Amino acid sequence: MAAGGPRHVLDGYKVLDFTHIVAGPTCTLMLAEMGAEVIKVEFAPDGDAARRGPYVVNNRSGYFVQHNRGKKGLCIDLKHPEGGDIIRGLIPQVDVLVENYAPGVMGRLGFDYAAVSSLNPAIVMCSISAFGQRGPLANEPGFDYLGAAYAGIVSMCGEPNGPPYVPMVALGDVSTGVHAMGAICAALLGRARTGHGQHLDVSLLDTYMHYHECGIETHSLSRGEVKPTRSGQHSWYAVPAGIFKGREHYFIIIAPLDHHFAALCRSMGQAELAADHRFKTNADRLTNLDELIQIMEQWLQAVGDDAAMAAMKEYRVPHAPVLSVAEAVKHPHLRERGTVRTVHDRILGDFDVPGFALRFSDYPRRLELEVPLLGEHNEEILRRYLNYPRSRIRELEQKGVLRNGPV
């Protein structure tokens, strides 16, 4: 963009951020990555519990830094009337309010959607929760894995005769944050047409249900005859599509489409297998899965990882080695694209975090984002947005309404 133009696609939008841990902060981090000004409101005295998450160096949490770059820090006691006055003063001046507390918490603080929209009819308020703002589960405590369990996701992971597994990453939390970001941007587009905002109800459980690319419709259309469940290292309906043991690495190989399977057979030097009655169709391969796994793993272990990958690449067979975290962060593709990104923190120094997944042709350069200390921008925000004199700010600090400094 030309000098003096917007920093990024959301430059000029202002966000009041009442989020903590992962799902909500993922949403507001993405908004900050796109240039929005995000004011992170933390509750005194200790702020976001993520400030104590791993890995901690010099009392600074890498967990907190990863999820809260680019935000300004405001730490206040919202149970104090003067803390509420600060928020009531800020709401008319922002475009978006995001919160991921349990349903009812914002209402008890005096900031449910009815109160917020009365102060600013144009505001887009996004409430992120585990199970939604309404429904039988709405008031239950919720975390990522609980949503995965209720959505039937956990039931799909693990060996057929063994216990179910949960994915050991914040798959649901991060995805819910991304869903919320998309909803907010859509609501801002809607506001441009109508002039008024709205309340968005985004839940972890609703988000997790999207991960069933086949199970729900198959169970429904079969009238319950098909009961999707965990099938170990291999797909329950597409073959081959799963994990295969190589000489040094495990591999994911996905070749259930007939032309991909034929290419796999050629890459193994066994082109005739594509016409073999045991493997000719996906249904045949599903029936004879154990035999096919044995053939593929014998080939992988006989030729070795590099030769196997070279052969599959030559014939364009969809595959990938199962990399460890340590291997993935060094991969040249992830490095070149910024999928893994080195960031600088004033306390932690340089370290790696997941990069920003969205790319815009008009804004090819990533923003350099700083992470706030607890209450670091109290004075800046109150003076800039509310015209509080320094004497008033010092008074609020003495009363404990404002908090800054170490956790």
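The values are calculated or read from the model by the stated rules, or taken from the named source; none is laboratory data. Worth saying up front: this structure is predicted, and the values here are computed from it rather than measured. So basically every Cβ, Gly included, is an ideal-geometry build from the backbone, and we count neighbours across all protein chains shown. What goes into the accessible areas is simple: the full protein's heavy atoms, side chains included, and nothing from ligands, DNA or RNA. Shrake-Rupley method; radii C 1.70, N 1.55, O 1.52, S 1.80 Å.
Structure values in brief
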item	result
The chain: angle of helix 390-399 to the longest principal axis, Cα-based, in degrees nearest 10	70
For the chain, built as a Gaussian network whose Cα springs stay under 10 Å, the top-fluctuating residue of 192, 255, 326	326
Accessible area (Å², 1.4 Å probe, nearest 10) - residue 227	140
DSSP beta bridges in the chain [antiparallel fraction, %, rounded to 5]	45
Label-zone membership for segment 298-326, site residue 276, 7 angstrom Cα→C-beta point, backbone N under 16 Å	298-302
Accessible surface, 1.4 Å probe, highest first, among residues 264, 146	146, 264
Stokes-Einstein D in µm²/s, Kirkwood radius over Cα pairs - the chain at 37 °C with 0.692 mPa s viscosity	135
Normalised alpha carbon radius of gyration of segment 47-113 [divisor 2.2 N^0.38 Å]	1.31
Burial order of peptide ranges 381-387, 274-280 (average beta-carbon count within 10 Å, highest first)	381-387, 274-280
Residue with peak Gaussian network fluctuation, the chain [Cα springs, cutoff 10 Å], from 175, 222, 118	222
Other-chain or far-sequence residues with amide H under 5 Å of residue 200's (modelled H)	125, 126, 127
C-alpha long axis of helix 23-33 to longest principal axis of the chain, angle in °	80
Listed residue (161, 187, 391) projecting farthest to the positive dipole end of the chain, Cβ model	391
Solvent accessible area, Å² - residue 131, 1.4 Å probe, full protein context	20
Residue-span extension gain [residue 231 to residue 119] - 0.36 nm each, minus C-alpha spacing	35.1 nm
For segment 293-407, alpha-carbon Rg and Dmax in angstrom	25.3, 78
Alpha carbon centroid spacing (whole Å) that separates segment 182-257 from segment 34-76	30
Segment 174-282, Cα convex hull volume normalised per residue, Å³	199
Burial ranking of peptide ranges 302-314, 31-43 (average Cβ count within 10 Å, highest at the top)	31-43, 302-314
Rounded percent of accessible protein surface that carbon and sulfur make up, the chain, 1.4 Å probe	56
Under 19 Å between alpha carbons - lysine pairs in the chain that sit 8 or more apart or on different chains	8
Angle between the chain longest axis and helix 258-267 axis [Cα atoms, degrees, rounded to 10]	70
Solvent-accessible ranking of 19, 229, 287, largest area first, probe 1.4 Å	287, 229, 19
Full-extension gain in nm, residue 298 to residue 310, via 0.36 nm per residue minus C-alpha separation	2.7 nm
Choice from 44, 283, 23 showing the highest fluctuation, given a GNM over the chain with Cα pairs closer than 10 Å	283
MRE, 222 nm, helices only [DSSP H, n ≥ 4, -39500 (n - 2.57), over the chain, to nearest 500]	-10500 deg cm²/dmol
15 Å beta-carbon shell around residue 175, net charge (K/R +1, D/E -1)	-4
Furthest towards positive pole of dipole, 205, 269, 340, structure part the chain, Cβ charges	340
All-pairs Cα distance distribution in segment 22-85, expressed in whole percent, bin size 5 Å	4, 18, 23, 23, 18, 11, 3, 0
Cβ-defined net charge surrounding residue 341, 13 Å radius [Lys, Arg +1; Asp, Glu -1]	0
